[in-house]
Structure formats: C-alpha cells, structure tokens
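Read-outs throughout are calculated quantities, based only on the coordinates presented, and are distinct from any laboratory measurement. Keep in mind it's a predicted model, so treat the numbers as computed, not measured. Cβ coordinates were reconstructed from backbone atoms using ideal geometry, including for glycine residues, and neighbour counts include every protein chain displayed.
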Amino acid sequence: MRRWIEGHAAHTPDAAALTFGGERITYAALQARIAATAAALAARGIGRGDRVAFLGTNHPSQLVLLFACARLGAVQVPLNWRLAAPELRFILEDSGAALLAATRTMAEAARAALPPGCALLDAEGEWPAAPLAPAAGQEEDPVLLVYTSGTTGTPKGAVLDQRAVLYNALNARHGFALSPADRVLTLLPLFHVGGLNIQTTPALLTGAEVVLLPRFEPALFFQAVAEHRPTLTLLVPAVMQALVSHPGWAAADLSSLRAIGAGSSEVPLPLIEIFHARGIPVQQVYGATETGPIAILQTREAALQAPGCLGLPALHGEARVVDPDGRELPPGGAGEIQLRGPHVARGYWQAPEATAASFREGWFASGDVGRRDAEGRFWFTDRLKHVIISGGENIYPAEVECVLRTAPGVREGAVCGRPDPRWGEVPVAVVVPGPGFEAAAVLRHFEGRLARFKQPRAVVTVEALPRTALGKVQMAALREVARG
C-alpha cells in the first residue's frame, strides 16, 4: 500500500490528494506527512504487527496514519467515536493496541478509555522531517483491524491485510470507473470500512482527489457539492433520506455527481427513484466488514437497468447462494449469500471459533439471505442474523441484551428492531417487568454503558417473551410486539 502514495507523489506531485476544510494537500505533501509519521511511530518502537488505534471524526491524520502503518507493517485499529468509554477500552485491550492516536476534540474521550500499557498520541501533531523508516510492510501483513459487534454480545475484529485492501480498491476502481480526474466526497465515517474503503482508499490508489468532511450534516453536504463539485460520493439510506427531506434538496445543483454509491442496508426503491429522477444513478454496494467491504456491486449502467438489485460479484471476487447444507442454488432459489476472494478478511482477531463459524472452506458466510436471477444479478431478501441496522450502523441485540439483563426491575428481556422513518430501524427492549420496574429507569441504565445509537428508544412490557418449543425467543413475534 505504501507504493500508492509514493507513486503518485513521484508522477503527479502537485495533484490534489485530500481537501479538508480550507486545506488542500497534494500527493507530494501527503507522502511527506506519511513519511514523517512513519518515522515518529518507528521512534516509539512501533513495527511490524503492532497495533495503533485511531479515535476521531473524519480527519486527514487517519489516512496518514493508515499509510504510515502500511509502510511499517503495523496495523491500524479505527475506533468508532460514538462508542462509550467501556466499549472503546474493550477494543483497545482486545487488540493489544500499543498507541492510541486521537484528534484533539476526542482527547478527553481517549483519556477516559485508555487502558494501562497504551500510550496516547496527538493525531494532529506535526512531526519534523526525519530519516525515512524502513519499508517493512508486505502485502500479506495485516493493515486494518476493524471491529464489528458480534452476535455473542462482544465485538470482534476482522483482520484485513494489505492485499485485501488493494483488491477491494481494484474492485471499486472497476465498479465506479474511477480515474485521476475524479473528485470523491467522503462524509461517512472512516471508522467503518464503508466510509474508508468503498471510495476513499480506492480514490487514493487511483490518484483522484478526496474531499473529506468531518461528519455528515445536510447543510455541509450541499455546501461541499456547490464548492467542490464532486463526481462521486457514498451514502447510506438514512443519509439519503435526510438529504431529500432537507429544504436545500430541490434547489441544489447536483449535476457534478456522476453517481452515488449506496449500501450498509437495503436501499428502499422509492428512495433510489428520487435520486434517479435527479439524474443521479444509485450504485448499490453489498458486502461486510469482513469482505473489505466490496463483494457485490452495480456499475453505473446496471444501476439504471435494474434499480434495487445488489449487482454482480466484484471483478476480483466470487459470490454464490447456498442452501442450509452448503449446496449452491440455481437462479431464483433463496439462500445464504457467501463470498470469496482476495478482498476477504483472513478471519477474526484471536477468535478461532468465530473464524471457523464464518469462514468456511474459503467462503465467508454473510448471514444474509438473497437470490440470483437469470442474468446473474444478486438480490437481497432477508437477514439470517438478527442485526438491527439503524442509520447505517449495525446494532447486535445480544450486545444490548447484556446491558439490559443488569437493568433494575427487569426479570428478563430481549431486544429487536422496530421500523423507523428516519433511521430505518431503532432498537426496542421487550421486557418482563419485576419489582421496582420503571421504563424510564431502564432507558437511563444504558447511558454511559453503550453508544447512544445502540440504546433502546423504547421499552415494551409483556407477561412473557414469545419463545419456541426449544425455549428460543421468536424474533418475528418479538418484532410484532415491539411494533406495538
């Protein structure tokens, strides 16, 4: 990966690599920052295989740190800045991070989460020029350790090596027809592989420009489009809905956008049609943290021909639909989507059982149900897992239930998603009340223990949880209860 920026710095040193706020960073300047950061990390003893965490809203320093880690053969651990201190500490401890680089607005949160043995670093600090650190990183070295909440209730880290990030970028370059003339607007968080790897790192591989927003706000989006005239951007359904509902939507000049990428959850067809009516094709992207994430995607032409489908397997990858026994199904048959290719993670960090359960004979089992049509296109049907997708964020009920079990006045409870017009879904706690139960107290119990987006928005009481004959909670019935 180090060669990406080095190559562009040599061939097109004055081309814009990153624009952030009022700052324009050329490829030559970006390479200088990467070299200085790598030297500073090496001086602190960071080398091949060491983990370096990052905490902050979108900032150039995260990308600088990523490529510095790639040079050293070290591993970046992006942290979700929305998480509570105990959640951040778990990831830092589980990953064994030696350093936590935090932006200045996140310094207080970083100090609150910092475990013993992990040093704190100012991510926005400027490092003086120093002798270039040796290029130890190889394509087989892990470079990203990205945590995704697990069905067991604790997050697990997907290990992506430099080769996986490269092939993911090649998949994106093909699917979005990226060229050095492109200008990509990145507003989704870089702590997700979606915001980081669907368009941002592929743009840097290609030699294009990335316009980076700290976070999403509709007004900032419209301002950035007017000022920078991006050719591509990546959205999720909740963001798309926020944009079309904003007073600035009708008058905004969006003509510079060749297309938008969309994913993380099923994109409603009416929402796609609104963008298509503005002449902006919505290219769906399907995958997971464990797949880089690009595994299935639409080209611009396919987005116009078959709105709502996931597309075809990525150029450097394979996809199939299988029955419960692992047999590939013919077109039209609904089954689990499985994915394979050089863009797929090598497994989960220090979790052999979880790795064996999800990575089977070279295939990653997505846990999603889909079908393939006669033209080979994939369509999303349902989820095998009980994940709640709220505003593009994955929320796993088991993780929320771990906290719910300790709430006052709760005999037992379960968590599921409830449809929400703004977020797609929101978590709801369904509980059997006991002595001293108070719904407001149960909701307060989550404060400081889980990120706000994971906290239940409501508590619904029942006399008994709906269960199967084997005692498992019936999720379909639970969702009906949660709907009220």
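Observations on the model:
- Label-point gap, in nm, between Leu132 and Ala439 - each point 7 angstrom along Cα→Cβ: 6.4
- Note on segment 209-269 and segment 55-118: Cα centroid distance 27 Å, given to the nearest whole angstrom.
- The Cβ shell under 14 Å around Val430 holds other residues with a net charge of +3, Lys and Arg each +1, Asp and Glu each -1.
- Here the convex hull built on the C-alpha positions of the chain has a volume of 146 cubic angstrom per residue.
- Neighbour counts of other Cβ atoms within 10 Å put Glu227, Glu438 in the fewest-to-most order Glu227, Glu438.
- By the count of neighbouring beta-carbon atoms within 10 Å, fewest first, Met240, Met1 end up ordered Met240, Met1.
- Total charge dipole magnitude, segment 2-372, about the Cα centre, Cβ charges on Lys, Arg, Asp, Glu only, Debye to nearest 20: 300
- Net charge over other residues, Cβ less than 15 angstrom from the Cβ of Gly248 (K, R count +1; D, E count -1): -2
- Span from the segment 276-309 Cα centroid across to the segment 330-349 one, whole angstrom: 17
- Only beta bridges with both residues in segment 2-372 are counted; by DSSP, about 50 percent of them are antiparallel.
- Charged neighbours of Ala208, selected by a Cβ distance under 11 Å, balance to 0 (K, R count +1; D, E count -1).
- Residue order for Tyr286, Tyr396, Tyr147, fewest other beta carbons within 10 angstrom first, comes to Tyr396, Tyr147, Tyr286.
- Extension gain (nm, one decimal) between Arg48 and Gln305, 0.36 nm per residue minus Cα-Cα: 87.9 nm
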